[in-house]
Structure formats: C-alpha cells, structure tokens
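Submitted below is the structure of interest, expressed as structure tokens.
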Amino acid sequence: MKKKLIAVAGFAVALAGTVATAGPALATTSGTCVDTKVCVYKEVSYAGSQYSMDGYQTTSQITSSLVNETDSWKNRTNYTSFDLIDAADIFHAEALLNTLGANTNKADLGAKINKADFIRRT
C-alpha cells in the first residue's frame, strides 16, 4: 500500500508540473514568432521581451511590461492585417500608430510608435 501511495503522489507532482507550464506564454524573451501569431517586441530588430497574440483574435491589450515600449513587430498570419493602437482603452479615443499586412514585419517602429497599447485585427 505504501508503494502505491508513493507512486500516486509522484504522478500527482509530475502532473501538477505539467499543468503549471502548459499555458501560453504572453511575455517571453525571443526573436521568433510562430505562424498564425502577431508579435510585438520591446526592442528593435525583434529583440527583448515579446508579446504574442493569436491571429484569430480581433483585439488584444499588449501585456503591461510592453505597453508604451514596443519597438518592432511581426504579423505571421497569412490572411489579414493588424493595427497597433495607442488608446487609454479600446472603447475610447485612439490613435493608429502602424499597420502590418499579412506576413509582414517592421524591425524599427521609431520613437513615436513607442505608445502602443493594443493590437487590433483590421
């Protein structure tokens, strides 16, 4: 009985570790952006912290660590364009900062774009 209990406890710990790491990472450090995603980066040339949004989403608020600090971005979808938006929230006055067509990238947005708060599918 003691061996079964130890085996079950070990399985539970292994399962808990799998569940804890299975969710999508919102902010990572990577220059890669997988197909079907839209990614923003803290630094030019796709460096530094990264936030990824699934291409099927219509709008996403950029993670707080990258709000107003986006210097490059990629649209890895092959079917639609996305906008970078500066806004207090998505329901009020906004400024369109940049638009990327399907499968396009922008390696350096420049200082004036460093205001992005949202990504929106066009």
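The values are calculated or read from the model by the stated rules, or taken from the named source; none is laboratory data. Predicted, not measured: the structure shown is a model, and the values here were computed from it. No Cβ is skipped: glycine too gets one built from the backbone with ideal geometry, and neighbour counts run over all protein chains shown. Surface accessibility is based on the protein's heavy atoms, side chains included, excluding ligands, DNA and RNA. Shrake-Rupley method; radii C 1.70, N 1.55, O 1.52, S 1.80 Å.
Looking only at region 69-118, filter to residues that are within 25 Å of V34 (Cβ to Cβ), of a type in the set (K, R) and open to solvent by 70 Å² or more (accessible area, probe 1.4 Å); which one of those is nearest to the chain's Cα centre (by Cα)?
Top of the filtered list is R76.
One residue is enough: does region 1-23 have a residue meeting the conditions open to solvent by 30 Å² or more (accessible area, probe 1.4 Å), in contact with a Ser or Thr (Cβ under 9 Å, 6 or more places away or on another chain) and modelled with pLDDT under 95?
To start, the set of residues in region 1-23 that are open to solvent by 30 Å² or more (accessible area, probe 1.4 Å) comprises 1-23.
Within this subset, residues satisfying the condition of being in contact with a Ser or Thr (Cβ under 9 Å, 6 or more places away or on another chain) are none.
No.
Further question on the same structure: Here are some conditions: (1) at pLDDT below 90; (2) more than 23 Å from T122 (Cα to Cα). S45 meets all but one. Which one does it not meet?
(1)
Something else: Scan region 55-68 for residues that are open to solvent by 40 Å² or more (accessible area, probe 1.4 Å) and either out of contact with any strand residue (DSSP E or B) (no Cβ under 6 Å at 6 or more places or on another chain) or at pLDDT below 90 (or both) and report the count.
First, pick out the residues of region 55-68 that are open to solvent by 40 Å² or more (accessible area, probe 1.4 Å): 56-59, 61, 64-65, 68.
Of the ones still in play, those that are also either out of contact with any strand residue (DSSP E or B) (no Cβ under 6 Å at 6 or more places or on another chain) or at pLDDT below 90 (or both) are 56-57, 64-65, 68.
The qualifying residues number 5.
Hey, another quick one. Can you name the residue in region 28-42 that is polar (S, T, N, Q) and at pLDDT below 90 and is also most open to solvent (accessible area, probe 1.4 Å) among such residues?
T29
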